[in-house]
Amino acid sequence: MKLYDSFRSALQSLVVNKLRSALTMLGVIIGVAAVIAMVSVGNGASQSVQNAILNLGSNLVTVQPQFGNDQGLRGAGAQAQNLTLDDMRSIQDQLGASISAIEAEQGAGRWQVTAAGQNWNTQVTGVTESYPQVRDWALDSGDFFTTSDLNVNAQVAVIGSTTASNLFGDGDAVGQTIQLRQVFGGGKDARARILNFKVVGVFATKGSTFGFSRDDQIIVPITTAQHVLTGQLNRVNAIVVKATSSETMDVTTSDVNSIMLQRHKISDPANADFTVTNQNDTLAALSSVTGTFTLLLGAIGGISLLVGGIGIMNIMLVSVNERTREIGIRKAVGARRGDILVQFLIEAIALTGLGGVLGILLGWGITEVVHRIPQAASLPLLITSGTVIIAVGVSVAIGVVFGLYPAMRAARLHPIQALRYE
């Protein structure tokens with residue numbers, strides 16, 4: 001018997017028993033759909049985390065203050081303020097063209113902001129002039145402040161798109177004046193501190209990162225933040241270095257660490273009063289976590305596929321029993337054991353293969369429906385070609401594994417005994 005004849009006979013058998021074939025495929029369809037839907041959630045979560053990190057900028061090496069270290073014991077409380085603008089300038093001078101850009105930041109807390117009769121509360125941060133280059137953040141209108149603004153502690157600001165919308169609506173924020181207000185004390189003793197800042201630019205919309213809206217903040221020159229807003233002169237909360245490429249990040253990290261150890265006169269790196277973090281390491285760690293999460297979700301969906309495979313074996317065994325006389329007749333007219341084996345294997349693979357294809361369509365449909373639900377619109381779902389290939393491959397493999405025993409049982413039937421079977 002030719003392979004084509006075996007294939008045609010297998011399909012004819014499936015078509016004759018339409019309802020049974022459909023119910024048999026149902027387990028595989030649900031299993032594949034579950035794998036597709038669940039793995040898409042894991043893939044989407046992984047992609048969302050990577051996008052959130054890269055949204056802060058690419059190829060970043062970050063220096064932050066660390067708790068003091070005394071004989072291996074780290075102190076409690078707030079982080080030490082031991083990073084300075086001079087540290088940033090030293091890194092900039094020593095690394096030169098080996099880095100793309102560098103900037104420093106100092107948080108100035110939340111301030112009440114008023115402008116054009118509107119009132120808003122938002123975060124204010126002081127940064128240096130290379131902030132847009134380091135953070136890969138373009139301006140929608142206006143310009144960013146310059147080194148000259150830092151030198152004279154200019155009271156200028158660049159605001160996020162959300163802040164601009166809340167303060168000025170559809171109007172142009174550039175050139176407008178905003179007031180930063182802080183109230184001290186209460187009752188009759190309350191005193192208000194009011195500072196005027198000129199808006200020189202508005203950032204392009206950036207979105208949220210780990211729940212923090214990048215578009216709802218005010219950026220001012222770091223020297224202005226230090227002298228006017230916080231009083232913490234020459235202190236910074238973070239120094240962010242942008243490496244020239246992803247491949248040079250490890251070298252840049254090592255160089256920055258060496259410069260900082262030398263500047264802070266620390267001989268033992270274990271006693272460093274700062275930490276240097278590499279964005280690649282952060283991405284790798286989070287990818288490992290999300291990868292485990294995706295694998296777990298896939299395994300849960302795989303259980304449904306396993307149940308579907310057991311259903312395939314059960315139905316194929318029933319089919320062998322029902323078609324015992326047919327098998328005997330085929331063997332009596334010359335069909336070999338291999339021909340019978342191939343025919344029943346083709347039936348099992350056809351059931352799981354078709355079930356896999358329908359399962360992909362169902363899984364895709366589930367993700368589309370979820371995307372259209374308002375409460376779950378932000379749920380990240382990502383179907384990849386790899387997921388589809390694996391799901392179909394596993395379903396076909398299940399057809400082979402769980403269809404092999406019934407096929408072997410059919411192939412081993414003795415023709416005389418099969419013809420006598422009632």
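The values are calculated or read from the model by the stated rules, or taken from the named source; none is laboratory data. Just so we're clear, the structure is a prediction, and the values are computed from it rather than from any experiment. Cβ placement follows ideal geometry from the backbone for every residue including glycine, while neighbour counts extend to all protein chains displayed.
Among the residues of region 46-104, how many are modelled with pLDDT under 90 and of a type in the set (K, R)?
Residues that pass the stated criteria total 1.
Taking the conditions exactly as written (acidic (D, E) and under 23 Å from D87 (Cα atoms)), does D140 satisfy them or not? Before you say what the answer is, go through the steps one by one.
Working: acidic (D, E): yes; under 23 Å from D87 (Cα atoms): no.
No; evaluated as a whole, the condition is false for this residue.
Would you please name the residue that is surrounded by the most Cβ atoms within 10 Å (Cβ to Cβ), looking only at residues in region 333-371 that are at pLDDT below 75 and hydrophobic (A, V, I, L, M, F, W, C)?
Among them, the one singled out is A335.
Residues that are buried (at least 20 other Cβ atoms within 10 Å of the Cβ): find the strands (runs of 3 or more DSSP E) completely inside region 101-172 holding 3 or more of those.
Numbers: elements: 118-127, 139-142, 156-159.
In region 101-172, the matching strands (runs of 3 or more DSSP E) lie at 118-127, 156-159.
Please name all residue pairs, on different chains or six or more residues apart, with Cβ atoms under 7 Å, provided the first residue is in region 16-31 and is assigned by TED's automatic domain parsing to the domain that holds V394 and the second residue is polar (S, T, N, Q) and surrounded by 15 or more Cβ atoms within 10 Å (Cβ to Cβ).
V28/T352; V28/S395; I30/S304; G31/S304
Is there any pair with a first residue in region 273-291 that is modelled with pLDDT under 80 and a second that is among the polar types (S, T, N, Q) and not in a strand (DSSP E or B) whose Cβ atoms are under 6 Å apart and which are 6 or more apart or on different chains, and what are they?
Note: pairs meeting the criteria are T290/S46.
If we scan region 252-272, do we find a residue that is in a strand (DSSP E or B) and either surrounded by 13 or more Cβ atoms within 10 Å (Cβ to Cβ) or hydrophobic (A, V, I, L, M, F, W, C) (or both)?
As a first pass, look at region 252-272 and keep what is in a strand (DSSP E or B): none.
So far as region 252-272 goes, no, none of its residues is in a strand (DSSP E or B) and either surrounded by 13 or more Cβ atoms within 10 Å (Cβ to Cβ) or hydrophobic (A, V, I, L, M, F, W, C) (or both).
Quickly run through region 273-308 and pick out the residues that are surrounded by 17 or more Cβ atoms within 10 Å (Cβ to Cβ), among the β-branched types (V, I, T) and under 14 Å from V241 (Cβ atoms).
Selection gives V276 alone.
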